[in-house]
Each structure stands twice: as C-alpha cells, then as structure tokens.
Amino acid sequence: MNLSLLSRYAFFVACILFSLIGLVLHQIEWLWPFTLAAMALSLLGVLDLTQTRHAVRRNYPVLGNIRYLVEAIRPEIRQYLLEADGEQLPFSRDQRSLVYARSKNTQADKPFGTLLDVYGSGFEFISHSIRPAPRSDPAGFRVQIGGPQCRQPYSASVFNISAMSFGALSTNAIRALNQGAKQGGFYHDTGEGSISPYHLEHGGDLVWELGSGYFGCRDEQGHFDPERFARQAQNPQVKMIEIKLSQGAKPGHGGILPKHKVTPEIAATRGVPLGQDCVSPSSHSAFSTPLEMMTFIARLRELSGGKPVGFKFCLGHPWEFMAIAKAMLESGILPDFIVVDGKEGGTGAAPLEFTDHIGVPLREGLLFVHNTLVGLNLRDKIKLGASGKIISAFDIASVLAIGADWANSARGFMFAVGCIQSQSCHTNRCPTGVATQDPLRQRALVVPDKAERVYHFHRNTLHALSEMLAAAGLTHPEQLEAHHLVRRVSDTEIRLYSQLHVFLQPGELLGSDIKAEFYGRMWRMAQAGSFTPATHRA
C-alpha cells in the first residue's frame with residue numbers, strides 16, 4: 001500500500017519540495033525558472049486532487065495529465081509517425097499524397113512497382129488493349145443532363161465537387177472551391193446550407209442542394225417557400241437543383257450545424273435564428289409519398305425556369321426506390337438526374353453507429369438504381385451521378401463501368417484546399433481553416449493559391465482518366481462497361497465486373513417474367529402511393 005502511494009504521489013511531492021527549496025534559495029537567480037515550473041506543477045497537482053471528473057488525475061496528480069495530453073495528439077502521432085502508406089483512416093497516406101501532388105501540379109508518379117497485393121482478394125484493375133486508343137482531350141469528358149421535361153439542360157463534367165455546405169466549410173474554402181470550379185469548367189454542389197455570397201463571388205457553376213431544412217427557401221416555420229426558391233433558383237449561376245433525400249454517412253438522420261458554428265452570415269444565408277443549433281429534419285415536409293415527390297420535382301422544375309431537377313440519396317430499403325420508380329411511371333414525371341451516395345461517404349459529424357452500420361455502399365446502391373431504370377426503359381432519360389470516397393481516376397472509372405454517368409468527390413477536393421484529415425471538422429478548430437468558422441483559422445487558407453490547387457486536382461485527375469481509357473482502347477468515359485473492369489475474388493480466380501454483378505435487360509421489370517428474383521420481389525412490394533411496402537400494409 002505504501003509503495004502504491006509512493007508511486008502515485010512521488011512526482012507531485014517532489015514538485016512541492018523543489019518549490020519550497022527554490023523559495024528558500026531564492027537568491028540563486030538561475031534556479032528561479034525551475035522553481036516557477038515546479039510551483040506551476042504543484043498547483044496543477046492540487047487541482048488534480050480536488051477535481052471530480054477524472055479518476056486518473058485524482059489518483060496520479062500531475063503525471064495523470066500525460067494520458068490526456070497523449071490522447072489529444074494521438075491522431076497526429078498516428079498519422080505522421082505510425083500509419084502505413086496503405087492504411088485507410090479513412091483515406092490512406094497514398095490517397096492523400098496523390099491528391100496533394102495533383103493539386104500542386106507536381107509529379108504524382110511512383111517508382112519501383114505497385115505496393116498493392118495483386119494476389120489479394122478484392123484487388124481490382126482495368127483490362128488494357130493490345131491496340132491502345134489515342135489519348136482524348138479531357139475537356140470533352142462531359143455529360144448532358146436534362147430529360148425531355150427540362151428546358152435548360154446542363155453539360156456537366158464527369159468529375160465535380162460533391163455537396164459541402166457553407167457552415168460546414170469556411171468562407172475561404174467555399175471561395176477557393178468555387179473559383180477552382182469556374183477555372184476548370186466543372187460544377188460546385190452547394191450542400192444543403194443554401195447559396196451563400198461566397199458561392200456567387202467567382203461565378204462557378206452551382207448545383208443547389210435542397211435538403212429537408214429548405215435553407216435559403218424556407219418560411220418562418222421551416223417549410224418550403226416557393227417564392228424564395230424561385231428567386232434563387234433562377235440565378236444563371238445555378239445550373240441544377242438537387243433534392244437531398246439522405247446522405248451516405250448518416251442516412252435517415254438529418255443534419256445539425258452546432259450553434260457555435262452558426263455565424264450571423266450563416267444564419268442569414270440559411271434563414272435560421274442566430275444562437276441556436278441549425279437542424280435539418282430527417283425527412284421532408286413538402287412531400288410524404290412517392291407520387292407527391294414527383295409533383296414536387298415538377299414544381300421545382302417549373303419554378304426554376306425549366307432547369308434540371310433531380311435528387312440525391314443513399315439507398316436503404318430497396319422497395320422505397322422502386323416505389324419512386326413506380327411513381328415516375330404512374331405520374332409521367334421524371335427527374336432529370338439521380339445522384340447515388342454511398343455509405344462510405346463523409347460528413348462533418350455523425351453517430352458512429354450511423355457511419356459504420358447504416359446505408360448501402362456506393363457500388364451496390366448505384367447498380368440497383370441503374371438496373372431499376374434499365375428494367376423500366378427509363379435509363380436513357382435519367383442521368384446517374386455517384387459519390388462516396390472517390391479520389392482517383394480509377395475510382396471514377398469503377399463507378400462509370402457499373403452505371404454512373406459522372407462522379408462527385410467531396411473529401412478529395414477538401415484535400416486539394418488543404419485538409420490534412422485531422423478529423424476535427426465538428427469542433428470548429430480545423431487546423432487548416434477548411435472546416436471552421438473561426439476567422440483567424442480560416443485566414444490561413446489563401447483563396448487564390450487553393451483555387452489553383454482545386455483546378456489542378458480536377459485537371460490532372462481527368463488527364464489520368466484519359467490515359468487509363470486510352471490504354472483500354474477507349475476514347476470517352478461513356479464507353480466504359482462492366483466487362484472492362486476486373487476483380488480478384490480469391491488467390492486463384494479473377495472475374496469481370498460483368499460476371500460478378502446482375503444486370504437487368506431493358507424493360508425486364510415491365511413484363512411478367514422477371515428473371516432476377518430479388519428485383520422481382522422488391523418490385524412487387526413497391527407502390528407509387530406510399531413508401532410502405534405493400535406486404536406490410538394492414
């Protein structure tokens with residue numbers, strides 16, 4: 001027991017004794033700095049003994065604080081000293097280095113061969129051709145979005161900035177992203193935080209994301225206000241309208257911007273009270289059934305002057321998306337596009353259970369949506385976007401091969417403007433000024449420099465995509481198909497994507513003979529008038 005007490009309090013007692021000795025020998029000048037340090041540590045020890053929140057500090061005064069100090073800097077120590085190049089937390093050092101190199105317009109090539117285990121299960125690659133095609137100009141890698149009911153179609157790049165709100169990101173981050181998008185000719189999704197003055201400052205193309213909070217077009221009760229919507233939607237800089245049904249990292253949860261990040265500018269942009277948490281409900285109040293949703297889409301298209309209107313979601317219950325598809329057929333109203341968000345997507349903050357265990361991963365969700373539209377003969381009328389942990393040209397190719405028309409990236413472009421993956425987005429203490437509203441912290445983000453990096457990251461990534469396509473004998477991303485990509489499924493077997501996945505035939509869901517049993521079962525459960533499955537109704 002005495003030895004235990006000695007080990008727990010020895011350092012604290014030593015600090016006190018040194019302080020007393022220093023005071024007695026105060027005439028020795030060089031001893032004063034050490035005496036003051038010992039007195040400060042002695043005071044800390046007294047505070048440790050009297051506080052009631054931390055048992056370790058009460059049992060180990062002074063020394064117990066080392067635990068909390070090391071815990072506080074653990075992410076940085078792990079990232080810079082211990083993390084392997086391929087260890088994804090959630091993005092690996094190799095992935096981040098690739099973005100940093102491309103955004104700085106420096107050499108991103110690697111010598112001496114791949115570090116990947118090419119015989120490990122899950123390894124993926126693109127088959128190359130003995131007769132490579134000439135490399136195409138990436139400026140032509142665009143997709144026309146806007147169905148037969150749209151009067152102002154939009155030509156989008158195949159690689160764009162995914163949804164990130166002003167509020168979640170800083171003023172200077174928004175400026176840099178939009179200036180880079182303007183320079184590179186690709187779009188910048190506003191996120192559900194509405195259109196701020198900083199989105200408009202540099203004139204880059206915008207996709208206005210409309211979440212359940214209806215920020216920027218809400219009345220005092222938080223419901224959709226058509227007049228406010230029309231005023232903003234008809235801005236020439238706004239190219240498309242995207243209804244957010246759910247987000248990959250926290251589907252079904254809604255969103256929250258903590259009150260300490262709600263500045264007067266954010267409150268004015270979103271149309272919310274100052275000094276309160278800004279909350280997005282988990283579901284929309286403007287519609288509650290698939291048919292009502294189609295009516296809402298048609299209304300937004302009309303109010304915006306005929307611009308493309310679509311929706312973004314993370315797939316959950318399969319029958320719910322098929323209910324939306326049935327509503328398309330019954331109403332005759334079609335969205336111009338759908339963005340499928342994968343559960344591997346990022347967010348400023350979410351409960352761990354949602355991040356880890358809710359939502360369908362991107363590829364499975366994308367394939368299901370693609371197949372459903374093919375099975376209804378609607379695929380040629382509705383364009384598909386994909387988002388969720390997309391960084392490299394291969395990431396883009398892997399989603400285009402299974403049905404996407406274009407890809408979006410959020411965290412990739414965050415890295416381009418300086419994010420170092422400190423994972424402090426929700427604390428308002430982002431060390432690089434990307435995800436904070438602290439004016440001093442965001443001052444460190446120099447807009448012209450970071451805008452150049454956004455532009456270069458986009459340009460160099462599409463340059464790499466062009467080279468990959470040429471090696472495969474292709475000239476445009478739209479030519480990518482499932483048989484071009486390959487995955488290792490065991491130590492001794494590889495399979496084409498076309499062999500791994502089920503692909504429906506055009507119109508298959510419209511007939512009585514649906515060969516894909518799962519799709520047939522989900523289709524029978526879906527109903528246009530309700531998100532509730534037919535078999536569960538009373």
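The values are calculated or read from the model by the stated rules, or taken from the named source; none is laboratory data. Quick caveat, the model's predicted, so the values are computed rather than measured. Positions of Cβ are generated from backbone atoms using ideal geometry, with glycine treated the same way; all protein chains shown enter the neighbour counts. Areas reflect the complete protein model, heavy atoms only, side chains present, ligands, DNA and RNA absent. Shrake-Rupley method; radii C 1.70, N 1.55, O 1.52, S 1.80 Å.
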Item to check | Total charge dipole magnitude, the chain, about the Cα centre, Cβ charges on Lys, Arg, Asp, Glu only, Debye to nearest 20 | outcome: 500 debye
Checklist entry - How big is the range 102-184 by the Kirkwood estimate over distinct Cα pairs, in Å? => result 17.9 Å
Checklist entry - If contacts are Cα pairs under 8 angstrom and at least 6 residues apart, what is the relative contact order of the range 433-520 in percent? => result 11 percent
Item to check | List 124, 330, 452, ordered by accessible area with a 1.4 Å probe, largest first | outcome: 330, 452, 124
Checklist outcome for this item: Yeah, the range 226-348 with a ≥ b ≥ c from its alpha-carbon gyration tensor (a/c under 1.5 is rounded, else prolate when a/b outruns b/c, oblate otherwise) is oblate
Item to check | Global geometry of the range 320-431, whether rounded, prolate or oblate, following the gyration tensor of its Cα atoms and the 1.5 cut on a/c | outcome: prolate
Next on the checklist: Cut-off 19 Å, label point 7 angstrom out along Cα-to-Cβ of residue 285: give me the residues of the range 258-273 whose amide nitrogen falls inside.
Outcome noted: 267-273
Checklist outcome for this item: With the 8 Å Cα cutoff and a minimum separation of six or more residues, the chain has a relative contact order in percent of 19 percent
Checklist entry - Amide H to amide H under 5 Å from residue 166: which residues, 5+ apart in sequence or cross-chain, H placed 1.01 Å off N in plane? => result 193
Checklist outcome for this item: The pairs in 104/250; 244/343; 383/450; 104/239; 239/343 lying past 20 Å Cα-Cα in this model are 104/250; 383/450; 104/239; 239/343
Checklist outcome for this item: For the chain, the charge dipole (Cβ of Lys, Arg +1; Cβ of Asp, Glu -1; about the Cα centre) points to a positive end, and the Cα of 38, 27, 233 closest to that extreme belongs to 27
Checklist entry - Rounded, prolate or oblate: which one fits the range 465-513, using the alpha carbon gyration tensor with axes a ≥ b ≥ c (rounded when a/c is under 1.5, else prolate when a/b beats b/c, else oblate)? => result oblate
Checklist entry - Given H placed 1.01 Å from N in the peptide plane, which residues other than close sequence neighbours of residue 405 have an amide H under 5 Å from its amide H? => result 384, 385
Next on the checklist: Whole angstrom only: what separates the Cα centroid of the range 379-401 from the Cα centroid of the range 214-262?
Outcome noted: 24 Å
Checklist entry - Which order do peptides 409-416, 192-199 fall in by mean Cβ count within 10 Å, highest first? => result 409-416, 192-199
Checklist outcome for this item: Answer in debye to the nearest 20: the dipole magnitude of the range 318-469 about its Cα centre, from +1 Lys/Arg and -1 Asp/Glu charges placed on Cβ, is 360 debye
Next on the checklist: If you fit an axis through the alpha-carbon atoms of helix 318-331 and take the longest principal axis of the Cα set of the chain, what angle between them do you get, 0 to 90°, nearest 10?
Outcome noted: 40 degrees
Next on the checklist: Can you give me the long-range amide H partners of residue 489? Hydrogens built in the peptide plane at 1.01 Å from N, cutoff under 5 Å, separation of 5 or more residues or another chain.
Outcome noted: 122, 494, 495
Next on the checklist: Could you report the range 321-427's accessible area per residue, 1.4 Å probe, as an integer in Å²?
Outcome noted: 28 Å²
Checklist outcome for this item: Residue by residue through the range 474-487, the couplings from Karplus 6.51 cos²θ - 1.76 cosθ + 1.60 with θ = phi - 60°, in Hz, x for Gly and Pro, are 10, 10, 8, x, 5, 7, 5, 9, 4, 6, 7, 10, 10, 10
Checklist outcome for this item: For the chain, the charge dipole (Cβ of Lys, Arg +1; Cβ of Asp, Glu -1; about the Cα centre) points to a positive end, and the Cα of 458, 258, 204 closest to that extreme belongs to 258
Checklist entry - Once phi is turned into θ = phi - 60°, what whole-Hz ³J(HN,Hα) does the Karplus curve with 6.51, -1.76 and 1.60 give for every residue of the range 347-354, x standing for Gly and Pro? => result 7, x, 6, 7, x, 4, 4, 6
Checklist outcome for this item: Those chymotrypsin sites (Phe, Trp or Tyr not before Pro) from the range 108-157 that are DSSP loop and have at most 11 other Cβ neighbours within 10 Å turn out to be 112, 119
Checklist entry - Taking the Cα centre of each part, how many Å lie between the range 349-377 and the range 1-64? => result 56 Å
Next on the checklist: As a test of the formula, what do you get for the chain when each DSSP H run with n ≥ 4 contributes -39,500 (n - 2.57) and the sum is divided by the residue count, at 222 nm and rounded to the nearest 500 deg cm²/dmol?
Outcome noted: -11500 deg cm²/dmol
Checklist entry - Hey, if you put +1 on the Cβ of every Lys and Arg and -1 on every Asp and Glu Cβ in the range 401-538, which of 410, 440, 522 ends up farthest toward the positive end of that dipole? => result 440
Checklist entry - Given 10 Å bins starting at zero, what is the percent of C-alpha pairs of the chain in each, up to the one with the largest pair distance? => result 4, 16, 26, 23, 15, 8, 6, 3, 1, 0
